1. For the chain, with a Gaussian network of springs between Cα atoms less than 10 Å apart, report the residue from 98, 115, 76 with the top mean-square fluctuation.
2. From a point 7 Å beyond the Cα of residue 96 in the direction of its Cβ, which residues of the stretch 61-85 have a backbone N at a distance under 13 Å?
3. Could you check how much of the accessible area of the chain is carbon and sulfur, as a whole percent, using a 1.4 Å probe?
4. To two decimal places, what compactness ratio does the stretch 22-100 give when its Cα radius of gyration is scaled by 2.2 N^0.38 Å?
5. Check which residues have an amide H placed less than 5 Å from residue 78's amide H, if you skip close sequence neighbours.
6. Explain nothing, just the number: relative contact order of the stretch 12-73, from Cα pairs under 8 Å at least 6 residues apart, as a whole percent.
7. How many nm separate the modelled label positions at residue 52 and residue 104, each set 7 Å beyond the Cα in the direction of the Cβ?
8. Can you give the translational diffusion coefficient of the chain in µm²/s, computed by Stokes-Einstein from the Kirkwood radius over Cα pairs at 20 °C and 1.002 mPa s?
Amino acid sequence: MGHTCSAIIVHCIDFRLGPAISDWLKSEKLMGDCDIVGIAGAAKNFNGEKDEDVLMTQIEISSKLHEIKKVILMNHTDCGAYGGRAAFENREVEDTTHSDALSHGADVLKEKLPHLEVQKMIAQIEPDGTIHIESII
Ligand SMILES: [Zn+2]
């Protein structure tokens, strides 16, 4: 009959994130307990256009079918959908841009699906390629 899970994660398609996201999901005990959406730019898609419809449809299906409690929105630095690291004057501006996009996405979700908790995350891709996944309050 029904099968349920705890959460859905929305992250960028960027292949560099794969191992770090996998490790993070394991550490959060969400591996195998989380629906997964890969979409370029992640929270950038809350833009009031068809990208937002596509993303919302996935989250709504996850909510209805798998009765998730939480949406994890994860952006990352050096994201091609934002023009990469070079598009930003400095790291602070880049971090703020992602933080703002995540907050906007969280606001849209809270309005449309108020029963779901939203967790905002950023995967920091360092110049040497290491990745740190951090929570954004
Ligand atoms: Zn990306």
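The values are calculated or read from the model by the stated rules, or taken from the named source; none is laboratory data. Since the model is a prediction, treat every value here as computed from it, not as a measurement. All Cβ positions, even for glycine, are placed from backbone atoms using ideal geometry, and neighbour counts span all protein chains on display. Each accessible area value is taken on the protein alone, full model and side chains, heavy atoms only, with ligands, DNA and RNA left out. Shrake-Rupley method; radii C 1.70, N 1.55, O 1.52, S 1.80 Å.
1. 115
2. Hits in the stretch 61-85 for residue 96 at 13 Å: none.
3. Its accessible area is 54 percent carbon and sulfur atoms.
4. Its radius of gyration relative to the 2.2 N^0.38 Å reference: 1.24.
5. Counting only residues 5 or more places away or on other chains, the set is 85.
6. This gives 31 percent for the stretch 12-73.
7. 0.9
8. 142
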